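The values are calculated or read from the model by the stated rules, or taken from the named source; none is laboratory data. Just so it is clear, the structure is predicted and the values come from calculations on it, not from any experiment. All Cβ positions, even for glycine, are placed from backbone atoms using ideal geometry, and neighbour counts span all protein chains on display. Just so you know, the surface numbers come from the protein's heavy atoms only, side chains and all, with ligands and any DNA or RNA stripped out. Shrake-Rupley method; radii C 1.70, N 1.55, O 1.52, S 1.80 Å.
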Amino acid sequence: MKTIKQNFSVSFNYDVAFTEGLFRSENQLFLNQIQRNENGPVPKVLFILDQGMYQHHPDLFEKIRQYHRLNKNVFDLVGTPVIIPGGEAAKNDYSHIQKILDAIENEDIDRHSYVTVIGGGAVVDAAGYAASVAHRGVRLIRVPTTVLAQNDASVGVKNGINAYGKKNFIGTFTPPQAVLNDFEFLHTLEKRDWRAGIAEAIKVALIKDADFFNKLEKNASLLEQRDSGSMKSLIHRCAELHLDHIRTAGDPFEMGSSRPLDFGHWAAHKIEQLTNYELRHGEAVAIGIAVDSVYSQLIGKLPEQETGRILNLFQTCGFQLYVPELENHLDQPDHAESILHGLEEFREHLGGKLTIMLLNGIGSGFEVHEVDYNLYQKAVQILKTFETEPV
């Protein structure tokens with residue numbers, strides 16, 4: 001028997017840029033991302049639009065048409081965009097993926113063309129998945145339009161849709177061509193969508209940057225009041241920390257079992273499922289982080305004072321810290337509708353042994369491979385005392 005061994009590496013590069021008015025005539029940012037092969041045709045660009053976003057910006061595609069008229073030598077615009085529902089509906093129904101794939105086929109979008117998706121994190125996830133499997137990969141430009149999408153969901157290399165009642169069961173790791181954050185889209189966000197993305201900033205601050213957490217505390221009231229400058233600063237720093245982790249942690253395509261950036265997410269994903277996705281992802285993440293923070297205190301790692309700071313910050317920003325679904329079959333960890341069954345689903349999704357991030361201080365996380373179900377039950381009961389109506 002003979003074995004031919006092979007080893008190669010591939011370098012990926014993409015920009016995460018920040019702007020306002022992406023399709024204003026004087027803005028060159030979008031054009032700078034379009035690459036034309038020498039002596040080749042002008043690349044086609046197919047747009048995928050988030051329906052909810054489009055209702056708030058009904059003149060958006062006309063602006064894109066006008067932008068194209070000024071730049072026909074740079075790209076060829078597919079004249080009709082694909083519009084799909086926003087939120088988890090985009091990821092729960094495969095017909096939306098089929099609609100995108102049909103457009104890629106019908107409009108002759110090839111591997112030198114571009115799919116540009118404009119929308120929230122779920123729409124970006126869904127469109128990214130479709131682009132990554134068509135022709136084994138069509139170039140993707142992400143234009144995220146929510147806080148959570150701009151500071152977290154869209155800056156990395158993941159694409160995915162939901163299946164079998166599980167978050168992101170089907171998906172790919174495919175880096176985009178570019179991520180273009182246009183702050184103008186934030187002006188029309190509903191209050192819940194403005195707030196939801198703050199949870200991911202608190203998350204990355206808790207595990208990586210105590211100074212960032214301190215700044216979030218200082219600006220909490222401003223963020224809750226929709227101060228634009230505070231939110232721009234939050235988005236930039238949060239995206240920076242996420243990208244730094246992807247670049248330096250040595251596992252961008254998540255081949256191992258460690259997921260520091262998924263702090264609080266084992267519970268968050270299960271809460272989303274148990275509430276039939278009525279909670280925004282960021283709202284569920286806030287509760288998941290609260291659960292893991294209280295648990296970290298109960299095992300003697302996180303000082304009580306710091307737990308209080310964390311829960312207070314979430315509340316100041318307007319988050320709920322408890323929903324009734326947390327108590328579903330709480331004493332039956334193996335029950336499919338128990339929040340604690342989310343631990344096994346999380347382990348299965350990651351592969352290998354259970355690995356979750358906990359806190360031993362603000363800005364300092366550590367990983368564990370087993371947990372005490374009784375203490376998690378106690379953590380839920382503690383959070384029940386924080387039961388409030390959403391603001």
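Structure summary
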quantity	calculated
Coordinate range along principal axes, alpha carbons of segment 329-374, Å, largest first	33, 24, 13
Loop-resident sites, segment 320-378, for trypsin sites (Lys or Arg not before Pro), counting at most 15 other Cβ within 10 Å (DSSP)	Lys353
Computed Rg/Rh of the chain, alpha carbon atoms with Kirkwood Rh	0.98
Check: the chain dipole with +1 on Lys, Arg Cβ and -1 on Asp, Glu Cβ, in debye	1060
Cα centroid separation, segment 51-88 to segment 262-305 (Å)	37
Estimated translational D of segment 210-271 in µm²/s (Stokes, Kirkwood radius over Cα pairs; 20 °C; 1.002 mPa s)	157
Percentage, to the nearest whole number, of Cα pairs in segment 277-351 over 18 Å apart	49
Nonlocal amide H pairs with Tyr322, under 5 Å, H built at 1.01 Å	Thr388
Table column - 3J(HN,Hα) (Hz), segment 219-224, Karplus curve with 6.51, -1.76, 1.60, x for Gly and Pro	9, 4, 5, 5, 5, 5
Rg/Rh for segment 80-164, where both radii come from Cα atoms and Rh is the Kirkwood radius	0.93
Efficiency of FRET from Cβ geometry, Val42 and Asp102, R₀ 35 Å, rounded to 0.05	0.90
Within a Gaussian network of the chain (alpha carbon springs, distance under 10 Å), most fluctuating of Ala127, Ala163, Ala267	Ala163
Shape box of segment 3-143 [Cα atoms, principal axes, largest first, Å]	59, 40, 31
Helix-only [θ]222 nm of the chain, DSSP H runs n ≥ 4, -39500 (n - 2.57) each, per residue, nearest 500	-13000 deg cm²/dmol
Charge dipole of segment 241-391 about the Cα centre (unit charges at C-beta), most positive-ward option of Tyr277, Gly361, Tyr295	Gly361
The chain - share of DSSP beta bridges that are antiparallel (%, nearest 5)	30
Lys/Arg +1, Asp/Glu -1 at C-beta; segment 9-84 dipole; positive extreme among His57, Val16, Ile34	Ile34
Among Pro324, Pro176, Pro144, residue whose mean-square fluctuation peaks in a GNM of the chain (springs only between Cα atoms under 10 Å)	Pro324
³J(HN,Hα) computed for each position of segment 15-29 - Karplus, 6.51 cos²θ - 1.76 cosθ + 1.60, integer Hz, glycine/proline x	8, 10, 10, 10, 7, 9, x, 4, 9, 5, 4, 8, 7, 9, 4
Heavy-atom surface of segment 243-389, accessible at 1.4 Å and reported per residue (Å²)	43
Rounded FRET efficiency, nearest 0.05, which uses the C-beta distance separating Met1 from Glu184 and R0 of 45 Å	0.15
Per residue accessible area of segment 83-162, 1.4 Å probe, in Å²	31
Interchain or long-range residues, amide H under 5 Å from Ile356's placed H	Val368
For the chain, the longest site-free run once chymotrypsin sites (Phe, Trp or Tyr not before Pro) in DSSP loop states with at most 14 other Cβ atoms within 10 Å are removed	13-163
Span-like helix ranges in the chain, DSSP H, alpha carbon extent 24 angstrom or more, Kyte mean at least -0.5	191-208, 228-248, 281-298
Accessible surface of the chain [probe 1.4 Å, protein heavy atoms]: carbon and sulfur percent	47
Fluctuation leader among Asp15, Asp125, Asp59 - the chain, Gaussian network, Cα springs under 10 angstrom	Asp59
By accessible area with a 1.4 Å probe, ligands and nucleic acids excluded, highest first: order of Asp50, Asp193	Asp193, Asp50
